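Data block below; observations after.
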Amino acid sequence: MAYDKFTVLKSTAVPMPIENVDTDQIIPARFLKATERKGFGDNLFRDWRYNSDGSPKKDFILNNPVYSGKILAGGKNFGSGSSREHAAWAIYDYGFRCVVSSFFADIFKNNSLNIGLLPVQVSAEFLDKIFKAIEADPKTEIEVNLPQQKITIIATGENESFEINGYKKENMINGYDDIDYLQAMKDDIQKFAGQSIY
Amino acid sequence: MPTTLFDKVWDSHVVRRISSGPDVLFIDRHFIHEVTSPVAFLGLENRKLQVMYPGKTFATADHNTPTINQHLPVKDPLSANQLKALEMNSKKYGISHWGLGHARNGIVHVIGPENGITQPGMTIVCGDSHTSTHGAFGAIAFGIGTSEVEMVLSSQCIMQPKPKKMRITVNGKLGKGVTPKDVILYIISKLTAAGATGYFVEYAGEVFENMSMEGRMTVCNMSIEMGARGGIIAPDETTFTYLKGRELAPKGEAWDKALAYWKTLKTDDGATFDVEHNFKASDIEPMITYGTNPGMGLGISQHIPTAEQGSGKATYEKSLDYMGFHQEDEMLGKKVDYVFIGSCTNGRIEDFRAFASIVKGRKKADNVTVWMVPGSHIVEQQIKDEGILDILQEAGFELRQPGCSACLAMNDDKVPAGKYAVSTSNRNFEGRQGPGARTMLASPLVAAAAAVTGVVTDPRELIKD
Ligand code: SF4
């Protein structure tokens, strides 16, 4: 599925300084019953966001109108747990385009890159600076520059560079995905398959 | 150059290396289930793509299937819709489909091995993170997302950066009442829930060499719970004996040829890993978790640790708060409302044998609800054939029908809010077993001890010498 191209994103951010946010929190299993990729944003962080009667939990950050934006800043080990790509869909569908954390679980990171949600891994110190900056001013803006691989807190000018492999970076900038790439190398795959013992 | 088992298998599957990018990896076996596949099939249709090798993909229904009255139509319309989609998609593209009611149906990571679909030296993927289970056979097996399911369907490949390598060695002999589940819960408690992120783990040493295939699967299954992409154990005689004669394992000459190759699949002396960890079997006791990630586990006789100072303190306190536990609480004697034995971690015949060994001659505690869910119909049949069902029924337990059940509570098997469950599954996340449910992960022996006493109990006290 093609997604929006990603070059430079300037936005306010929603802070969630909780560690080990797992995919069961991001999107609980009982909301995985769809056969289409639609509407997952409604159930993003469902059990943290809503009471069992469906009313919003006042103290949850997404229910606080002071915080908004296309960047989600999460604590260490973000996205651990299941392989459900629905977690990345839900975050994307809600309106985020980038997740910043000091550490990501592998499968979540892969899934995000595959659907056009940029995971930006920063140092624990820099993540802390982001949380502090938002705490001081919820309207503080953050710039994520993918071509330059740099993230900046605009108000203070503090910045850090981040890693992403060259191939994935090209894909994100152009809105391509791996399926396009693999389709173009079918002959090689066929040759390879011919030699397989399985 | 001395090479690791992981490198041998990975490198022999690379179709293309992209500089400063991922490897294009050929996939030998692909499992699909009803939850993570429908959107992948939609993707194929939108792009007008075909399934390249339908014979290499296997479909089973497990994640949201009911575990009683499977002969009746599925009540939940959304679940029924997903099951239907899996059936239709499999039919349309010529994929083998073991749906609800099929004699070989069961949890994807149980049926793969028990039918000989899983074999040493393969690359195996599935849209489920516990695909790491299959690493017990010396295969590279890991969970993938739905976009990747679409890749495998359309090109039999996925694109992956090669993970780093970790070896975890456990030597010595396991004590009484200490099972493979305790070994892996112990390792995760030492390494933390993110301690192996970015790595592929090889398990080595006497403890794994002496372990049954079922036990090895339990260990590899939970590799993902410390962040590892997967776990792998070198195939040996135990592996070959397990596989020989299974439905889809190679036969005759093909078996001999495969066997000769499988015997080369081990880490050479002198091969190096990015990280090595060593543990002693004698340090491990029956384990139980007290928090909301699988790294928060301890020996069953111990007390819940106090929070360490620092950034993790708030998360730690939030976790204990969710569980209704306190720092320094003793785990033994804590009240239990539900017991779940099942899942791809501990839903195999050996697990039910272990469970029955404790309940034999005892009675189910009145205050506990027990869900016993076999991993597959084949396991269910074994339970009956071996007389285990009689032991269980005599003690007041009922056997349900196979599926993932309360492991992720997508069907009706949900633990109510605030209730405590001792569970043989793999995740104790908030709400994993139902909104507000409180999960303590443990082995089948610890689960059985809780089922007959109604509280967290050291199974060693109930084992007859
Ligand atoms: S039993 Fe649990 S972990 Fe295993 S495949 Fe089913 S849902 Fe996943």
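The values are calculated or read from the model by the stated rules, or taken from the named source; none is laboratory data. Keep in mind that what you see is a predicted model, and the values were worked out from it rather than measured. Neighbour counts are summed over all protein chains in view; Cβ atoms, including those assigned to glycine, are modelled from backbone coordinates with ideal geometry. All accessible areas refer to the heavy atoms of the entire protein, side chains included, with ligands and DNA or RNA removed. Shrake-Rupley method; radii C 1.70, N 1.55, O 1.52, S 1.80 Å.
Remarks
- Computed over the protein assembly as shown, the per-residue total of -39500 (n - 2.57) for DSSP H runs of n ≥ 4 gives a 222 nm mean residue ellipticity of -9000 deg cm²/dmol, rounded to 500.
- Computed over chain B: relative contact order in percent, which uses C-alpha pairs under 8 Å that are six or more apart: 17
- Separation between Cα centres of the range B:332-351 and the range B:1-69, rounded to whole Å: 30
- Cubic angstrom per residue, convex hull over Cα atoms of the protein assembly as shown: 148
- The range B:17-133, accessible surface, carbon-and-sulfur percent (1.4 angstrom probe): 57
- Separation of the range A:28-60 and the range B:442-465, taken as the distance between their Cα centroids, equals 37 angstrom.
- Average beta-carbon neighbours from other chains, 10 Å sphere, peptide B:152-161: 5
- P(r) tail, the range B:312-465: Cα-Cα pairs separated by more than 24 Å, 29% of all pairs.
- Radius of gyration and maximum dimension Dmax of the range B:111-214, Cα, Å: 15.3, 49
- Calculated FRET value between A:Asn165 and A:Lys191, using beta carbons and R₀ = 25 Å, to 0.05: 0.45
- Average beta carbon contacts from partner chains per residue of A:108-116, 10 Å cutoff: 4
- Long-range tail of P(r) for chain A (Cα pairs > 22 Å, %): 50
- Across all directions, the average projected area of the convex hull around the alpha carbons of chain B is 22.5 nm².
- Based on protein heavy atoms only, the range B:1-284 ends up with 34 Å² per residue of surface accessible to a 1.4 Å probe.
- For A:Met185, solvent-accessible area (1.4 Å; no DNA, RNA or ligand), Å²: 10
- Coarse-grained scattering of the range B:265-307 at q = 0.27 Å⁻¹, given as base-10 log I(q)/I(0) from a Debye sum over alpha-carbon atoms: -1.03
- Here the accessible area is traced with a 1.4 Å probe on the protein chains. For the range B:287-461, carbon and sulfur cover 46 percent of it.
- Residues of the range B:338-465: accessible area per residue with a 1.4 Å probe, Å²: 31
- Global form of the range B:103-166, assessed from the alpha-carbon gyration tensor, a/c cut-off 1.5: oblate
- Surface analysis of chain A yields an accessible area of 41 Å² per residue, using protein heavy atoms and a 1.4 Å probe.
- For the range B:110-163 and the range B:379-399, distance of Cα centres in Å: 32
- Virtual paramagnetic centre 7 Å along Cα→Cβ of A:Tyr198, amide N under 11 Å, in the range B:1-33: B:9-10, B:13, B:26-31
- Note on the range A:16-115: semi-axes of the ellipsoid equivalent to its C-alpha gyration tensor, largest first and rounded to whole Å, are 19, 17, 13.
- Dipole magnitude of the range B:188-239 about its Cα centre (Cβ charges: Lys, Arg +1; Asp, Glu -1), debye to nearest 20: 320
- Those residues of the range B:185-220 for which accessible area with every protein chain present is at least 50 Å² below the isolated value (1.4 Å probe): B:Thr197
- Sites B:Met88 and A:Asp180, calculated FRET efficiency, Cβ-Cβ separation with R0 25 Å, nearest 0.05: 0.40
- Buried solvent-accessible surface, both chains (A, B), 1.4 Å probe, Å² to nearest 100: 5200
- Positive-end residue, the range B:287-461 charge dipole about Cα centroid, Cβ charges, pick of B:Ser443, B:Val456, B:Thr424: B:Thr424
- Cα pair distances exceeding 19 angstrom across the range B:1-69, given as percent: 58
- At least 20 Å² of accessible area lost relative to the chain alone, listed for the range B:45-78 with a 1.4 Å probe: B:Arg47, B:Leu49, B:Met52, B:Tyr53, B:Lys56, B:Leu78
- Residue-level accessible surface for A:Asp59, protein heavy atoms, 1.4 Å, Å²: 140
- Near-label residues of the range B:314-339 by backbone N, under 14 Å of a point 7 Å along Cα→Cβ of B:Ala307: B:314-328
- Ligands, DNA and RNA aside, B:Tyr186 has an accessible area near 30 Å² when probed at 1.4 Å.
- By average C-beta atoms within 10 angstrom, highest first, the peptides A:42-49, B:33-40: B:33-40, A:42-49
- Net dipole in debye of the protein assembly as shown [+1 Lys, Arg Cβ; -1 Asp, Glu Cβ; about Cα centre; nearest 20]: 880
- For the segment B:288-295, counting C-beta atoms of other chains within 10 Å of every residue's C-beta and taking the mean gives 2.
- Burial of accessible area (probe 1.4 Å, heavy atoms of protein chains only) in the range A:75-102, relative to its chain alone, reaches at least 30 Å² for A:Asn77, A:Gly81, A:Ser83, A:Glu85, A:His86, A:Trp89.
- Rounded, prolate or oblate (a/c below 1.5 giving rounded, otherwise prolate when a/b exceeds b/c) for the range B:264-363 by Cα gyration tensor: oblate
- Relative contact order for chain A, counting Cα pairs under 8 Å that sit 6 or more residues apart, in percent: 26
- By accessible area, using a 1.4 Å probe on protein heavy atoms only, chain A has 47% of its surface on carbon and sulfur.
- In summary, the lysines within cross-link reach of B:Lys384, defined as a Cα separation below 16 angstrom excluding same-chain residues under 8 places away, comprise B:Lys360.
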